[in-house]
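The values are calculated or read from the model by the stated rules, or taken from the named source; none is laboratory data. Treat the numbers as computed from the prediction; the structure is a model and nothing was measured. For neighbour counting, all protein chains shown are included, and Cβ atoms are generated from backbone atoms with ideal geometry for every residue, glycine included. Remember, those area values only see protein heavy atoms, side chains included, never the ligands or the DNA or RNA. Shrake-Rupley method; radii C 1.70, N 1.55, O 1.52, S 1.80 Å.
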Amino acid sequence: MTVSTSVDAEQAWKDLQRIRVPQERVDDEFERSASGGRGVTYGTAALMWMFLAGVGMELPGWGVGLFVAAYVCLLSVLIVMSSRRSRMQLHHTRCPGRMWAAFGAVAVLVGGAIVLADHLTEPLEPVYAGLIQATAGVAVYLLSLAPANRWAADAVRSGGVPADDEDAGR
């Protein structure tokens, strides 16, 4: 015994669009919230600059430890404030591998800029070298963060399939 149902193509298309539009809104909100906003970005950059400039002053061991503790505490406060403000809560499976890859790539770029600046500023006094290293590290962070966030958010929007592959399948 077979049961057949007629499918109205126009109604099916409308139903698909009704489902698709909310998903696009979720993707748009994810893309907007990926960076946390300008305040979080510039707040993180300011904290990073102060931390790197402070560590570059060749403090004693206990001073570096105190500086690291203060940095982690202030960064944690910034993260908590940002996450409370966020209207969107994502399940952990919605965070693709591209997000971790983007995070790692930015970390490597910033670390590389700091090491390179350290190497280039060796002849300078520690205070000036620390300021240059901090500025170089934060500049690389700010310049690389937006493209990395767009690349990571694009994976969520396309469902994890690169845009070129998705179009080729059609």
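What accessible surface, in Å², does a 1.4 Å probe find on E125, ignoring ligands, DNA and RNA and rounding to the nearest 10?
120
Can you tell me the order of 103-115, 137-149 when each peptide is scored by its average per-residue count of other Cβ atoms within 10 angstrom, highest first? Could the numbers behind the result be given before it?
On the way: 103-115: 15.1, 137-149: 18.0.
Top to bottom by mean Cβ count within 10 Å: 137-149, 103-115.
How much length would be gained if the chain were fully extended between E125 and W100, taking 0.36 nm per residue of separation minus their Cα-Cα distance, in nm to one decimal?
Working: separation 25, 0.36 × 25 = 9.00 nm, distance 3.65 nm.
Taking 0.36 nm per residue and subtracting the Cα distance, the gain is 5.4 nm.
Modelled label-to-label distance, D15 and A107, 7 Å Cα→beta-carbon offset: nm?
So the label points at D15 and A107 sit 4.5 nm apart.
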